[in-house]
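Encoded as C-alpha cells, the structure appears first; notes follow it.
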Amino acid sequence: MDRKFLLALLSNAVRELDINNQYQCHAFINLRFVCSACGVEIFFNESEEDDYPTPKWCRSAADKAQRTGWFISPPDADGNYDLTAHCPACNAKRGI
Ligand SMILES: [Zn+2]
C-alpha cells in the first residue's frame, strides 16, 4: 500500500474518532478487544453491514464494549494510554 494513501486513511480515521475515548482508541489500535488477564478476544462485529474495521466499526465496538462491562484503562494525567483491557468476567473477579 502506498505510504501517502495509508497516512491519508489514518488521518481520516483519527478525525472520526474521539482520541479522549479509551474504548474507541483501543478498538482502533487493536481491531478487537483482548482481555489482558485471560486473553479472551471479542470483535463486536454484529452489524449486518460490512463496516469492520472502519472508524464506524471502532465507534460501534467501543460502545458495545463499554455497555457490556469491559474495562479499558483511562488515559493518565498526560493523556497517554496503556490501553489495558479487562473483560466483564475478569472485572467481576477483580471486584470492579
Ligand atoms: Zn478476562
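We did not get these values from a lab; they are worked out from the coordinates using the rules stated. Owing to the predicted nature of the structure, the values given are computational and were not obtained by experimental measurement. Every residue, glycine as well, gets a Cβ built from its backbone with ideal geometry; the counts of neighbours run over all protein chains shown.
Straight-distance candidates among the lysines for linking to LYS56, with alpha-carbon spacing under 19 Å and chain neighbours fewer than 8 residues away dropped: LYS64.
Output the 0 to 90 degree angle, nearest 10, between the alpha-carbon long axis of helix 55-67 and the longest principal axis computed from the alpha carbons of the chain. The two axes meet at around 10 degrees.
Calculated [222 nm] ellipticity per residue, helices only, for the chain: -13500 deg cm²/dmol; basis is -39500 (n - 2.57) per DSSP H run with n ≥ 4, divided by all residues, nearest 500. The angle separating the long axis of helix 3-16 from the principal Cα axis of greatest extent in the chain is about 50 degrees. Label-to-label distance for ALA89 and ASP2 is 4.6 nm, based on points extended 7 Å past Cα in the beta-carbon direction.
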